[in-house]
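Have a look at the structure below before the remarks.
The values are calculated or read from the model by the stated rules, or taken from the named source; none is laboratory data. All figures in this text were calculated on a predicted structure; none of them were measured in a lab. Please note: Cβ atoms are built from the backbone with ideal geometry, for glycine as well, and neighbour counts cover all protein chains shown. Accessible surface is based on the protein model in full, side chains and every heavy atom, while ligands, DNA and RNA are left aside. Shrake-Rupley method; radii C 1.70, N 1.55, O 1.52, S 1.80 Å.
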Amino acid sequence: MEDSASSRIGIVAFFAVVAISAATMLWLFWRFPLMTAIVTLGVLAVLGVLARLSRLIDVDIQDLDRTEQGV
């Protein structure tokens, strides 16, 4: 199966972003271990809270469909 050039470029770009992100995180953790750990745990905690909140406010798409309302 052949991939098109644009999908290969997208895959390479994705791996490049992941590699740069990992390298940056390792450098920060090497240079500032305590502050990096605190900020990382804080970001993960915020993401966890947002995930819980998103489940609470999630609505079913059928609730938003107002075309089938009775008279």
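Table for the structure above
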item: Inter-label distance, nm, simple model (7 Å from Cα along the C-beta direction), Ala23/Val46; result: 2.6
item: Phe29 accessible area, 1.4 Å probe, all protein chains in place, Å² to nearest 10; result: 110
item: Cα-projected label distance for Phe14 with Ile57, points at 7 Å along beta-carbon direction, nm; result: 2.9
item: Shape category assigned to the stretch 1-40 from the gyration tensor of Cα positions, a/c cut at 1.5; result: prolate
